[in-house]
Amino acid sequence: MTGVEIAGIGIHAFGRHGDKTQTDMGVTAVRDALRDAGIDGRSFQAAFCGTAYGGVASGHRVLGALGLTGGPIVDVEAGCASGAAALSLAADAIRAGQYDTVLVFGVEKMPKGVIRSSFFAPWQEKAGLTPAPAYFALRAQRLMADSMVTKQHLADVVVKNRANGVHNPDAMFRASVTAPEVLASRVVCEPLHLWMLCSPNEGAAAVVLRASDAGVQVRAAVLRSHLPGYVLNEGTPMCGLMGAAPESPSTMAARAAYEQAALGPDDLNVVECQDTDAARELLAYEELLLCQPGDCVKLLESGDTKLGGCLPVNPSGGLLSKGEPLGASALGQVVELTHQLRGQCGARQVDGPLVALAHTIGRGANASAIILSR
């Protein structure tokens, strides 16, 4: 089967950028990725653009600004996993022999405040079924009951990720914090304090994929959705079960990615995972099979997920440092992990990584797992 190389990467810093449009940010990321890949002009055969709130023809606007239209441009929406879904389609097209070189990019300019989702019917939204702090808090409370997580553990995740973000020039928050400071920030929805929640924001990221067995390889790119079994369709803490809880989309995606890559969790050297809130990262440890169910606290307390540990998680600073522009989020992880595998991360560099995993979740109904290697 044809190998898929990440031939080029580019990113526009995540944050708040005033009057700069998502097209402006996309242009920056795409230009950098094409330059990194050594591509001049439209020598890619197709483009896939991930965005959730960008509107019609977001990809066309970016490539139109660069004079690079003419080929197929496909916009892809899967919530926070939009960029991962776009990359999955592009990688599969290369493996199928449809294209030799494909551009993948994600753009987003998020409104401030709580994210609204048209996934829910109006009556469901009025009942509180949104990707809001209450939803995250209920999920955190369930994790605290199942896995012995405490507020101190949630604060420790924030401290770890914000320490990593200090060294990431593309992160929104670049100041280290202490656990007491995290716990002193105001309670948004028990048990989550303000600093335990990521910030929706603005940014863009891009990668160029090429049919090649050289360089950093996309070993797997998998997207899975939630299984039936919930009263109100999506697997959220508010939806209620009609029986035993089905396997989560994240676990299904992880299992499929490990199988596709012919690798397992023990082969991983670095992970970028969804930390929409601090509890979400701890849950990801279990769902991605990095530890046994109920053992996320043990993994955190071991120090293995810190820089210098056996399996650093979110060396970029994660969403807690970077913030989250939805369409660019997953590709931002891929950019980070490509830099890690190339050894280009400076003070946040993981020691000699060979295999990396990126994980994102969109609305709780989509989950992606991407495995890279060199």
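The values are calculated or read from the model by the stated rules, or taken from the named source; none is laboratory data. A quick note: this is a predicted structure, and the numbers were derived from the prediction, not measured. Positions of Cβ are backbone-derived with ideal geometry, glycine not excepted, and every protein chain shown enters the neighbour counts. These area figures cover heavy atoms from the full protein model, side chains too; ligands, DNA and RNA do not enter into them. Shrake-Rupley method; radii C 1.70, N 1.55, O 1.52, S 1.80 Å.
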Q) About its Cα centre, what dipole magnitude does the stretch 269-374 give when the only charges are +1 on Lys and Arg Cβ and -1 on Asp and Glu Cβ, stated in debye to the nearest 20? A) 320 debye
Q. Among 67-76, 3-12, 212-221, what's the highest-first ranking by average C-beta atoms within 10 angstrom per residue?
A. 3-12, 212-221, 67-76
Q. For the stretch 91-101, what does the Karplus curve 6.51 cos²θ - 1.76 cosθ + 1.60, with θ = phi - 60°, yield as ³J(HN,Hα) per residue in whole Hz, taken in order and with x for Gly and Pro?
A. 5, 5, 5, 5, 4, 7, x, 6, 9, 9, 9
Q: Place a +1 charge on the Cβ of each Lys and Arg in the stretch 1-72 and a -1 charge on the Cβ of each Asp and Glu, then give the dipole magnitude about the Cα centre in debye, rounded to the nearest 20.
A: 160 debye
Q | Spatially proximal lysines relative to Lys160 (Cα-Cα < 23 Å; intrachain offsets below 8 disregarded) | A | Lys151, Lys298, Lys306, Lys322
(Q) What does the C-alpha gyration tensor say about the overall shape of the stretch 46-106? Classify as rounded when a/c is under 1.5, otherwise prolate if a/b is larger than b/c, or oblate. (A) oblate
Q. Percent of alpha carbon pairs in the chain separated by more than 28 Å?
A. 38 percent
Q: Just name one of Tyr53, Pro293, Val182: the one whose Cα is farthest towards the positive end of the charge dipole of the chain (beta-carbon charges, Lys/Arg +1, Asp/Glu -1).
A: Tyr53
Q. How high is the relative contact order of the stretch 1-124, in percent, with contacts defined as C-alpha pairs under 8 Å that are six or more residues apart?
A. 30 percent
Q.
Taking the Kirkwood radius as the inverse of the mean 1/r across Cα pairs, report the Rg/Rh of the stretch 40-188.
A. 1.07
Q. Could you give me the ³J(HN,Hα) list for the stretch 152-165, computed from phi with Karplus coefficients 6.51, -1.76, 1.60 and θ = phi - 60°, whole Hz, x at Gly and Pro?
A. 4, 5, 4, 5, 5, 5, 4, 4, 4, 6, 5, 5, 5, x
Q: Would you kindly find the accessible area of Trp123, with a 1.4 Å probe and non-protein molecules such as ligands, DNA and RNA excluded, rounding to the nearest 10 Å²?
A: 150 Å²
Q: On a C-alpha basis, how far is the centre of the stretch 19-44 from the centre of the stretch 189-208 in Å? Whole number, if you could?
A: 24 Å
(Q) Could you work out the relative contact order of the chain? I mean the mean sequence separation of Cα pairs under 8 Å and 6+ apart, divided by the number of residues, in percent. (A) 26 percent
Q | With eigenvalues of the C-alpha gyration tensor scaled by 5 and rooted, the stretch 264-374, Å | A | 19, 18, 13
Q: Considering only protein heavy atoms, with the full assembly of protein chains and a 1.4 angstrom probe, order Leu372, Leu307 by accessible area, largest first.
A: Leu307, Leu372
Q: Classify the stretch 1-59 as rounded, prolate or oblate, taking a ≥ b ≥ c as the square roots of the eigenvalues of its Cα gyration tensor: rounded when a/c is under 1.5, otherwise prolate if a/b is larger than b/c and oblate if not.
A: prolate
Q | Amide hydrogen neighbours beyond the local backbone of Gln274, cut-off 5 Å, H modeled | A | His359
**Q.** Dipole magnitude of the chain, debye to nearest 20 (Cβ charges: Lys/Arg +1, Asp/Glu -1, about Cα centre)
**A.** 660 debye
Q: Calculate one ³J(HN,Hα) per residue across the stretch 75-84 by plugging θ = phi - 60° into the Karplus curve 6.51 cos²θ - 1.76 cosθ + 1.60, and present them in order as whole Hz with x for glycine and proline.
A: 8, 10, 10, 8, x, 5, 8, 4, x, 5
Q) What ranking do 82-95, 349-362 get when scored by the average of other Cβ atoms within 10 Å per residue, highest first? A) 82-95, 349-362
Q) Taking the highest mean first, how do the peptides 328-336, 286-294 order by number of other beta carbon atoms within 10 angstrom per residue? A) 328-336, 286-294
Q: Rank Ala7, Ala65, Pro249 by how far each Cα sits towards the positive end of the charge dipole of the chain (+1 on Lys, Arg Cβ; -1 on Asp, Glu Cβ) and give me just the farthest.
A: Ala65
Q) Given the chain, what percent of its DSSP beta bridges are antiparallel, to the nearest 5? A) 70 percent
Q | the stretch 57-159 - percent relative contact order, Cα under 8 Å, separation 6 or more | A | 13 percent
